[in-house]
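Working notes, beginning with the structure itself.
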Amino acid sequence: MNDTEETARRLFAVATEDVPPGIDLLRAVRARSRTRVVRARALAALGAAGIVALIAGITLSAAPAPSAFAQVTRAAARTAAASYTVRSDQKIVAIGGLRSKPWATAYGEFDPVHGVGEFTDNLGAQIRWVAGSTYVFLTDDLRAAYQRTGPPVPAGVSWEQLAGIPLPTGGPAAELGMLSIFPGFLGSVDPQDLLALLQSATDVREVGPASGPGWTGSAYSFTVATKLNGPVHTPVSLRGTVDVDQQGRVRQLDGQASFATTVSQVEITFGDFGRPVSVSPPPASQTWVPPGS
Amino acid sequence: MRREVDERFAAYVRARGDHLLRVAVLLTGDWHAAEDLVQASLVKLYRAWPRLDTSADLDAYLRRIMVNTHRSWWRARWRREAPAAVLPESVCGDDLAERQAVGAVVREALARLPRQQRAVLVLRYCEDLSEASVAEVLGCSVGTVKAHAHRGLRTLRERLGDEFDRFEVNETGASQRDSG
């Protein structure tokens, strides 16, 4: 299948996503079934009433989607459209085949509708997106970096404010590059961008059932291969599986992200869909705006 | 016996109804007409169900019913195609509203294609049928299917313009809209 045909396939998947509520495919069959009941009362007494009752129990929502690709892209779009919590576990498994780094874990919550979110990692670093700005907690490592490169961090402040960088941050391709290079670097994972990445997945196949605490669904394998927007257009890729629950939401995304010779393992868990998210900017007295930012 | 037949029919619709509806919306261009088309097709299937070998390819059988039913509607102008004066507005961003807007634009562009071209595109790129299978469903030659697919894609690309380009697949397999 050439590129134009593949594009048509993607567009058709998008064009069949927004099934309106209230569709009843069996209305006409039920009507015919009822007519048959009137015409053949004796037979109906045995079977037709049962047929009507049986068919009445069928709802469109119980039917599976047409393809694995459509299931995954629809789930990604649905998940990215409302609030959720996320846990991200990442580690570098290979840099040129030479070494690995331990797992880093981050927890976060996001509300894309209101443009707020926050991430906290297991080393105490924090990042917040609120009111159109990104706030980064000044860890010792970050302060040391500023000490080396400047500008100097004023005394008494705990946060730097990057104004005009609202959620979401980078684009999906940049996201994948960051994920590959800086696993565990807080802010390198924007779940909104990861969900958007799934829209360009290829080789999407259902691989079996999936389940977790309080949910069941299906697992799909996928591949995302793209290029960074920089001058070299370095290829980056993500291969793995995504679990979609029966409500059509992404529950788990596991895979290996590759950038040049660096390979990192990622395991990302989504949950608490629709839960209110409250994120406040740090106190102004503890906030520093780096010059030129 | 009848109950057993109906249980099997219900199970089939439960499993395939959503898929049938999505094929139908690409054939008809709007969800209400799609619902009508699937309902009408299911009634025909229901009538034939007791005589059918349900171990056979029911999808293929119903697909043929849907295409023929839609063809008869089109011929009778039972459903008048009324191209919108203005295409739904395209928006930027990756949210659900954008995808719904894109979906509406795609359905509208498909609905304006000649019926046979539209059927070929839907069967080929939504149903993933081979050219030979599409030819069998539509009762035409493989060459005709190829010609309709080529012209249909070309027209679709012209009509969708930027929307098509944004979903264009590059050489790495990723779409341009996701690259930055």
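The values are calculated or read from the model by the stated rules, or taken from the named source; none is laboratory data. What you are looking at is a predicted structure, and each value in this text was computed from that prediction instead of being measured. Cβ coordinates were reconstructed from backbone atoms using ideal geometry, including for glycine residues, and neighbour counts include every protein chain displayed.
Structure summary
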item	result
Subset of the stretch A:60-114 that is touching a Phe, Trp or Tyr at 6+ places or on another chain (Cβ under 7 Å) and assigned to a loop (DSSP other than H, G, I, E, B) - its residue that is modelled with the highest pLDDT	A:SER83
Those residues of the stretch B:126-149 which are within 16 Å of B:ASP59 (Cα to Cα), buried (at least 17 other Cβ atoms within 10 Å of the Cβ) and within 12 Å of another protein chain (Cβ to nearest Cβ), in sequence order	B:CYS126, B:GLU127
Residues satisfying the stated conditions in the stretch B:29-41, i.e. more than 7 Å from every other protein chain (Cβ to nearest Cβ), closer than 22 Å to B:ASP128 by Cα and assigned to a helix (DSSP H, G or I)	B:ALA34, B:LEU37, B:SER41
Among (1) in contact with a helix residue (DSSP H, G or I) (Cβ under 6 Å, 6 or more places away or on another chain); (2) at pLDDT 85 or above; (3) part of a strand (DSSP E or B), the one test that A:GLY248 misses	(3)
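Matching residues to (1) more than 23 Å from the chain's Cα centre (by Cα); (2) surrounded by fewer than 18 Cβ atoms within 10 Å (Cβ to Cβ); (3) more than 8 Å from chain A (Cβ to nearest Cβ); (4) under 25 Å from B:LEU121 (Cα atoms):
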site: B:ARG8; (1), (2), (3), (4): yes, yes, yes, no
site: B:ALA15; (1), (2), (3), (4): no, yes, no, yes
site: B:ARG22; (1), (2), (3), (4): no, no, no, yes
site: B:LEU27; (1), (2), (3), (4): no, no, yes, yes
site: B:VAL43; (1), (2), (3), (4): no, no, no, no
site: B:ASP53; (1), (2), (3), (4): yes, yes, yes, no
site: B:ASP57; (1), (2), (3), (4): no, yes, yes, yes
